[in-house]
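> Structure provided below as structure tokens; questions to follow.
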Amino acid sequence: MSDTPETPEENERDDATFSMFGDAEMGAPQEEGYQVLARKYRPRLFSDLIGQEAMVRTLTNAFETGRVAHAFMLTGVRGVGKTTTARLLARALNYSREDHDSPSMQLDPPGDFCAAIMAGNHPDVLELDAASRTGVADMRELLDGVRYSPVSARHKVYIIDEVHMLSTASFNALLKTLEEPPPHVKFIFATTEIRKVPITVLSRCQRFDLKRLDSEALAKHLAKIAEKEGANVSEEGLALIARAAEGSVRDGLSILDQAIVQALDGDQVTGERVRDMLGLGDRLRLLDAFEFAIQGEAQKAVDEVAEQVHAGADPLIILKDMLEIAADIATVQAAGNNYSLPGPADWTRRTHELATALTPAQAQRNWQILLSGYRDTQTAPEADTALRMVVLRLVSAARLPSPEEAARMLISGGATGAAGKPEPAGSAPTGEGQLLQLVQPSAQKMDSFRDVLDHLDSRKEARLWGEARKYIRAENFKPGRLVCAVDPGAPRDLLRRLTDFLEYETDMDWDVMLSESGVETQKETETRERRELLEDAAKHPDIAAALAAIPGAEVVDVENSAPLDPNTLTDNVVPLKRHS
């Protein structure tokens, strides 16, 4: 986004597309209304794009060397500037003015077609929303115009937003043109779901991943705009807005728009007002709750989060903030002072203190508890009750030995006493040693994918066990690494949930990678082994004779039972003899 507001003339041009509705449809008369910040500070030059320096540098070099692609794929989360970048690219491809007649990334002063392109009403730049035109007939109608030369500009540019929404037939219709495009045609695609775009299309485009803006950079950008708007927003308020925007500049500006009206007559928009507006919890009080929980003080931890919910904070947002706290603690443990924490100095000091008080494995365990709890809360009947139970899980974990201590206890072959020393063999375990015997050790050994499935079964993870057994083809497995293929129809989050389970149960990082493996799934393996067992049984001479003697008979099951004791046989029980 740009720090520079658009001029009144540019605003007029930008609103020109609305004039086609006329007074009858839009309401008459039309008065000039307030222009939201996301439109007012929309980038007008490539230099205005924030956080996309790598993309701008690549495009600049391509334009200077004349190596301009015929198709571009812009991908990224909402609000990072995909559509704006597409319009800037269309301007650059068709840039022309009295003393310059070639594509250019330098768009100042504006070229002959810049105003019309940015307003979305130039006849040679067609903007389409794939979400509303998904059919193959729409695509063929669109491509019929490709063979015609531009009306006035240098290139005919097709901007297709949310291109992943196109049907398979539409993508196939598009492929031929992408393979051999006319020299006067350029395609610019934008999508938030790059994985849904066929690889055959991706391979014919120059791809740019537009990055999220980190919270610190976005807060600085919002501070500049607030100053230009004459708004007094506190540093904490800006930081909260930037975090809530999750890297989206447009979302950040929309929230800032909403926050500015929280204070009138020059009053400051405080962090408290922003929290109330967004349903956020007090971060310092959440840090209190987190600290109470890891110290095992259940009542204080539960009361703290309950008060925040009562004050209007969303339970899911509270858990999300606590996840960030857990992540900050783990990162501080790994990076020390090299990691810059967002927030006031007191926040940084207390986070470092918590990082010192916990072991790395405890920090990871807290993260996993909160992550699992966040997913549970999303589907729980009452979110505030689920939040309370997640906090109590943290409290329970705090009363257990740390994973490092549990490992030492296992290695020593006995439990530890209150001083942390191994107790003599044969002695009754006390203190933390008793707790260890009540829970399964943190580090779960898994030497094969079948071990993973067995452990899922023992943990009563029925859904994950069934999906992993049905859809995953494990090609290579060793502790900490799984290479596998995933069959069509599998839930999109299957591998993520499996990775979370493995890391939680084994207390180690797992690298789970996709492959094009053709090995069997566990379900296919079990089906094949059972079929072979039945076939082998049917080949037994006695069983084969019985099957031949009884029409329609078949072997339906095989059980491995203990051999009959000849001393217990009666006249009515005769053991089968194996023929040589």
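The values are calculated or read from the model by the stated rules, or taken from the named source; none is laboratory data. None of the values given here were measured: they were computed from a predicted structure. For neighbour counting, all protein chains shown are included, and Cβ atoms are generated from backbone atoms with ideal geometry for every residue, glycine included.
> If the requirement is being farther than 30 Å from His221 by Cβ, surrounded by fewer than 18 Cβ atoms within 10 Å (Cβ to Cβ) and either free of Cβ contacts under 8 Å to residues at least 12 places away in the same chain or not assigned by TED's automatic domain parsing to the domain that holds Ala190 (or both), which of these qualifies: Asp144, Asp138? Give the steps one after another, and end with the answer.
Details: Asp138 fails: either free of Cβ contacts under 8 Å to residues at least 12 places away in the same chain or not assigned by TED's automatic domain parsing to the domain that holds Ala190 (or both).
The match here is Asp144.
> Inspect segment 204-211 for any residue being outside any strand (DSSP E or B), within 30 Å of Ala245 (Cα to Cα) and among the charged types (D, E, K, R) and give the result as yes or no.
From segment 204-211, those outside any strand (DSSP E or B) are 204-205, 210-211; that's our starting set.
With within 30 Å of Ala245 (Cα to Cα) added as a condition, the list becomes 205, 210-211.
In the following step, the residues that additionally are among the charged types (D, E, K, R) were identified as 211.
Checked segment 204-211: at least one residue is outside any strand (DSSP E or B), within 30 Å of Ala245 (Cα to Cα) and among the charged types (D, E, K, R).
> For segment 154-172, what are the residues that are under 25 Å from the mean Cα position of the chain (by Cα), crowded, with 19+ Cβ neighbours inside 10 Å and β-branched (Val, Ile, Thr)?
Ile160, Val163
> Further question on the same structure: Considering every residue within segment 102-112, establish whether at least one is crowded, with 21+ Cβ neighbours inside 10 Å, closer than 28 Å to Ser167 by Cα and touching a strand residue (DSSP E or B) at 6+ places or on another chain (Cβ under 9 Å).
No - not one qualifying residue is present in segment 102-112.
> So, Arg133, is that one free of Cβ contacts under 8 Å to residues at least 40 places away in the same chain and touching a Cys at 6+ places or on another chain (Cβ under 6 Å) or not? Walk me through how you get there before you give the answer.
Working: free of Cβ contacts under 8 Å to residues at least 40 places away in the same chain: yes; touching a Cys at 6+ places or on another chain (Cβ under 6 Å): no.
The answer is no for Arg133.
> So which of Met55, Met139 is touching an Asp or Glu at 6+ places or on another chain (Cβ under 9 Å), part of a helix (DSSP H, G or I) and at negative phi?
On the way: Met139 fails: touching an Asp or Glu at 6+ places or on another chain (Cβ under 9 Å).
From the options Met55, Met139, the qualifying one is Met55.
Residues checked against (1) within 21 Å of the chain's Cα centre (by Cα); (2) β-branched (Val, Ile, Thr); (3) in the same structural domain as Gly76 (by TED's automatic domain parsing):
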| residue | (1), (2), (3) |
| --- | --- |
| Thr192 | yes, yes, yes |
| Ile199 | yes, yes, yes |
| Lys220 | no, no, no |
| Ala244 | yes, no, no |
| Ser254 | no, no, no |
| Ala263 | no, no, no |
| Thr270 | no, yes, no |
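> Given the criteria assigned to a helix (DSSP H, G or I), in contact with a helix residue (DSSP H, G or I) (Cβ under 6 Å, 6 or more places away or on another chain) and at pLDDT below 90, does Gly237 qualify? Spell out the reasoning first.
Numbers: assigned to a helix (DSSP H, G or I): yes; in contact with a helix residue (DSSP H, G or I) (Cβ under 6 Å, 6 or more places away or on another chain): yes; at pLDDT below 90: yes.
Yes, satisfied.
> Something else: Under the condition of being out of contact with any helix residue (DSSP H, G or I) (no Cβ under 9 Å at 6 or more places or on another chain) and hydroxyl-bearing (Ser, Thr, Tyr), which residue from segment 506-521 is modelled with the highest pLDDT?
Once the filter is applied, the top-ranked residue is Thr506.
> Right, something else. If I go through segment 256-293 residue by residue, how many of them are in contact with a Leu (Cβ under 7 Å, 6 or more places away or on another chain), among the hydrophobic types (A, V, I, L, M, F, W, C) and modelled with pLDDT of 90 or more?
2
> May I pose another question? Can you confirm whether Gly76 is touching a strand residue (DSSP E or B) at 6+ places or on another chain (Cβ under 7 Å), surrounded by 18 or more Cβ atoms within 10 Å (Cβ to Cβ) and at positive phi?
Spelling it out, Gly76 is indeed touching a strand residue (DSSP E or B) at 6+ places or on another chain (Cβ under 7 Å), surrounded by 18 or more Cβ atoms within 10 Å (Cβ to Cβ) and at positive phi.
> Moving on to the next point. Can you tell me which residues in segment 230-257 are surrounded by fewer than 16 Cβ atoms within 10 Å (Cβ to Cβ) and under 18 Å from Tyr34 (Cα atoms)?
Gly230
> Would you check if there is a residue in segment 51-68 being touching a helix residue (DSSP H, G or I) at 6+ places or on another chain (Cβ under 7 Å), in the same structural domain as Thr192 (by TED's automatic domain parsing) and under 18 Å from Ala116 (Cβ atoms)?
No: zero hits.
> Considering Arg473, Arg497, Arg481, which residue is at pLDDT 85 or above, farther than 22 Å from Leu370 by Cα, surrounded by 13 or more Cβ atoms within 10 Å (Cβ to Cβ) and not assigned by TED's automatic domain parsing to the domain that holds Gly373? It would help to see each step written out before you state the result.
On the way: Arg497 fails: farther than 22 Å from Leu370 by Cα; Arg481 fails: surrounded by 13 or more Cβ atoms within 10 Å (Cβ to Cβ).
So the residue among Arg473, Arg497, Arg481 that is at pLDDT 85 or above, farther than 22 Å from Leu370 by Cα, surrounded by 13 or more Cβ atoms within 10 Å (Cβ to Cβ) and not assigned by TED's automatic domain parsing to the domain that holds Gly373 is Arg473.
> Moving on. When segment 294-311 is examined, which residues are found to be modelled with pLDDT of 85 or more and not in a helix (DSSP H, G or I)?
Within segment 294-311, Gln295, Gly296, Glu297 qualify.
> Determine, yes or no, whether Asp144 is of a type in the set (Asp, Glu) and either touching a strand residue (DSSP E or B) at 6+ places or on another chain (Cβ under 9 Å) or under 17 Å from Phe72 (Cβ atoms) (or both).
On the way: of a type in the set (Asp, Glu): yes; either touching a strand residue (DSSP E or B) at 6+ places or on another chain (Cβ under 9 Å) or under 17 Å from Phe72 (Cβ atoms) (or both): no.
Judged against the criteria, Asp144 is not a match.
> Arg349 versus (1) more than 26 Å from Leu238 (Cα to Cα); (2) among the basic types (Lys, Arg); (3) free of Cβ contacts under 8 Å to residues at least 40 places away in the same chain: which is the lone unmet condition?
Result: Arg349 fails condition (1) only.
> Go through (1) in a helix (DSSP H, G or I); (2) under 20 Å from Tyr148 (Cβ atoms) for Ile188 and report which single condition fails.
All conditions are met except number (1).
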